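The values are calculated or read from the model by the stated rules, or taken from the named source; none is laboratory data. All values derive from a computational prediction rather than experimental measurement. Note that we place each Cβ from the backbone using ideal geometry, even for glycine, and neighbour counts take in every protein chain shown. Each accessible area value is taken on the protein alone, full model and side chains, heavy atoms only, with ligands, DNA and RNA left out. Shrake-Rupley method; radii C 1.70, N 1.55, O 1.52, S 1.80 Å.
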Amino acid sequence: QVQLVESGGGLVQSGGSLRLSCAASGIPFVLNAIAWYRQTPGKERELVAAIDSAGSEKYGDSAKGRFTISRDNAKKMTFLQMNSLKHEDKAVYYCAAAKVPRSWEGEYDYWGKGNQVTVSS
């Protein structure tokens, strides 16, 4: 059974930082593309950042220059370092994994339950 479990969310002041973590089980991980998405009420889920099995990264426009995605294959974990947080970054953040090593088109097969991030202005 595949499980993706996010942690590290919470409340932070505008301009602050948070680091989200995602622990994976039930997949090889080293062969899987991983991504972070976020969603706010009434809006579509949007890509925040993605990383393929080789470590290449892709960022959504809202994350460029402020967020960094990384992975630790030995621990089967993915991280999202978020700096200079803004009020508009408030959302539920989801970890996702694809069955393939790279998924720049956004096709992900497994999803975590999400983790709330709230940024106070």
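Counting only strands (runs of 3 or more DSSP E) wholly contained in region 14-108, the ones carrying 2 or more residues that are open to solvent by 50 Å² or more (accessible area, probe 1.4 Å) occupy 57-59. Every condition in (1) farther than 20 Å from Trp111 by Cα; (2) assigned to a loop (DSSP other than H, G, I, E, B); (3) open to solvent by 40 Å² or more (accessible area, probe 1.4 Å) holds for Leu11 except the one numbered (2). In region 12-31, the count of residues that are basic (Lys, Arg) and touching a Lys or Arg at 6+ places or on another chain (Cβ under 9 Å) is zero. If Arg66 satisfies every condition in (1) in contact with a Lys or Arg (Cβ under 9 Å, 6 or more places away or on another chain); (2) under 21 Å from Val5 (Cα atoms); (3) basic (Lys, Arg) but one, which is the exception? Condition not satisfied by Arg66: (2). Taken together, the criteria exclude Ser70 from residues that are touching a helix residue (DSSP H, G or I) at 6+ places or on another chain (Cβ under 7 Å), at pLDDT 95 or above and not hydrophobic (A, V, I, L, M, F, W, C). When region 84-108 is examined, which residues are found to be modelled with pLDDT of 95 or more and under 14 Å from the mean Cα position of the chain (by Cα)? Within region 84-108, Asp89, Lys90, Ala91, Val92, Tyr93, Tyr94, Cys95, Ala96, Ala97, Ala98, Tyr108 meet the criteria.
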